[in-house]
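**Q** Sharing a structure below in structure tokens format, with a few things to ask.
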Amino acid sequence: MIRTILSPIDGSKDSFTSYKYALLLASKFNAAIHVVFIVDQRKTQMPFIYSGAAYDMAYERVYIPPDQEMRRLYGRLKSDLKEFADRCIKTCEELSKEMDVEFSFNISDGFPAAIIEEMSHAADLVVIGQHGENAGSKKQTAGSTTEEIVRSSPRPVIVCPEKFNNPVKILLPYDGSRASENTLQYYTANFAAFVPEVIFLCAESDPSEDSIYQNEVSYLQQHNSSVKVLRKTGNPIQSIQSIVEEETPDLIMIGSHGRHKLFDYLLGSTTIHVVRKSRVPVLIVY
């Protein structure tokens, strides 16, 4: 059961979309939401100079005492980021009051991925934006922090693109692996009650084998889900992309890694590729 949702924000459009998505889920699960804004210390630390000869394998980090103007510059930068964080948190709090969702927050200094991973242990679900404030026009990949969280989180993660989608129809790729089985159970335990429409994609199965995964389909139907079974052979990445274009699901729920070909991909290909390219939210179950 989902009781606490962790929502990291950084002021980007994607992060506010992910927060709205987290609020929607919190209202449906009757869950609390915890927002964290992390002031990236890489932006506020004083610079160091590295020195060393060409033959010196261990470059030495040399601290050059900054002048007063530089001190003031970095002081203003940190202060501005804190004020920006306060404004973002206030916006989130107001939205939570409108949705009548229990709200808490904290503002931290450090490395975002490390702090989010640590805080996720106390949550049941992490909802994060696909791209952060530094993405700019580079939308080909997910943000570096997001990818780190997807790879290391101890809890399921939803990655949200900039556009908000109210979940009505779920795409569930299934290949019989342990991770896809966990995904199936996660769906029935948490989402079946309010997202009953499922596109069940049988990855890499022979279209002539009508009985394959019939037990899984029956299991979904027992939870009052409306199931549409599709079978695709070939590259799983292309299969998922084509189904998204044809069926327009509102959420993709996928296991962190699969079996056979999918097992070799781990998070380096199939799942992470979907996370990078998807125009709808992606929920990764481990």
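What follows draws every value from the coordinates through simple rules; no lab data is involved. Please read these numbers as outputs of a predicted model, since none were measured by experiment.
**Q** For the stretch 85-99, take each phi angle, set θ = phi - 60°, evaluate the Karplus expression 6.51 cos²θ - 1.76 cosθ + 1.60, and give the result in whole Hz per residue in order, putting x for glycine and proline.
**A** Running phi through 6.51 cos²θ - 1.76 cosθ + 1.60 with θ = phi - 60° gives 4, 4, 5, 5, 5, 4, 4, 5, 5, 5, 5, 5, 5, 4, 8 Hz.
**Q** Output ³J(HN,Hα) for the stretch 216-229: one whole-Hz value per residue in order, computed from phi by the Karplus curve 6.51 cos²θ - 1.76 cosθ + 1.60 with θ = phi - 60°, and x for Gly and Pro.
**A** 5, 5, 4, 4, 5, 5, 5, 9, 6, 8, 8, 10, 10, 8
**Q** Can you list residues from other chains, or at least 5 along the same chain, whose modelled amide H is less than 5 Å from the amide H of Ser108?
**A** Phe37, Ile38, Val39
**Q** Sticking with this structure for a sec: Residue by residue through the stretch 273-280, which ³J(HN,Hα) values in whole Hz follow from phi under the Karplus form 6.51 cos²θ - 1.76 cosθ + 1.60 (θ = phi - 60°), with glycine and proline marked x?
**A** Result, rounded to whole Hz: 5, 4, 4, 5, 9, 5, 9, 10.
**Q** Further, regarding this structure: Subtracting the Cα-Cα distance from 0.36 nm times the residue separation, let me have the gained length for Phe164 to Asn235 in nm, one decimal.
**A** That works out to 22.7 nm of additional length.
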